[in-house]
Amino acid sequence: MYSHCNYLPWVNGVCTELSLVSDSTGEDGVYTVSYDGENKFRILQVNYSQHIIFYLKNFSDLYQLLELYAREPDTSPELKNEFVEICQKYGVVKENVIDLTKVDRCLQARGNGAA
């Protein structure tokens with residue numbers, strides 16, 4: 001089993017779409033993907049109608065990343081606070097948690113061609 005996702009990185013100042021395919025590890029909600037090295041990610045929390053929280057660990061560059069994706073552009077303060085608490089459990093200090101709804105994002109460029 002595998003999953004597929006689209007990622008929108010900036011390449012030479014241009015928002016581009018990159019598709020990634022991940023492989024199941026056999027453990028529920030845990031996958032591997034090759035991008036900037038070997039990565040393992042797990043689904044920490046999911047409410048299919050509202051949000052999903054991922055934890056990713058990169059074994060090549062030795063970093064970790066937690067991500068909260070919500071269906072609404074600005075989710076509830078309670079969920080945001082819960083996400084900060086989850087980040088802190090994984091050693092990410094509150095000051096390093098960035099609310100990307102407050103930042104001009106590459107995703108916004110997808111619909112109109114401008115960032």
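The values are calculated or read from the model by the stated rules, or taken from the named source; none is laboratory data. For clarity, every value in this text was computed on a predicted model and none was experimentally measured. Using ideal geometry, Cβ is built from the backbone for each residue, glycine included, and neighbour counts are taken over all protein chains shown.
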Item to check | Residue count for the stretch 51-89, restricted to those that are closer than 23 Å to TYR31 by Cβ and within 15 Å of the chain's Cα centre (by Cα) | outcome: 20
Item to check | Neighbours by Cβ (under 8 Å, 6+ apart or cross-chain): first from the stretch 26-49, more than 27 Å from SER76 (Cβ to Cβ); second of a type in the set (Asp, Glu) and outside any strand (DSSP E or B) | outcome: ASP36/ASP61; GLY37/ASP61
Next on the checklist: Going through GLN64, GLN50 one at a time, which residue ends up being touching a Lys or Arg at 6+ places or on another chain (Cβ under 7 Å), within 18 Å of LYS89 (Cα to Cα) and at pLDDT 85 or above?
Outcome noted: GLN64
Next on the checklist: Looking only at the stretch 75-96, how many residues end up being within 21 Å of PHE41 (Cβ to Cβ), of a type outside the set (S, T, N, Q) and not in a loop (DSSP other than H, G, I, E, B)?
Outcome noted: 9
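Please verify whether LEU79 is among the aliphatic types (A, V, I, L, M) and closer than 22 Å to VAL33 by Cβ, treating the condition exactly as stated.
Values: among the aliphatic types (A, V, I, L, M): yes; closer than 22 Å to VAL33 by Cβ: no.
Here the answer is no, as LEU79 does not meet what is asked.
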Item to check | The one condition in (1) part of a helix (DSSP H, G or I); (2) modelled with pLDDT under 95 that LYS57 fails to fulfil | outcome: (1)
Item to check | Criterion: under 17 Å from LEU100 (Cα atoms), surrounded by 13 or more Cβ atoms within 10 Å (Cβ to Cβ) and touching a helix residue (DSSP H, G or I) at 6+ places or on another chain (Cβ under 8 Å) - qualifying residue of LEU66, LEU44 | outcome: LEU66
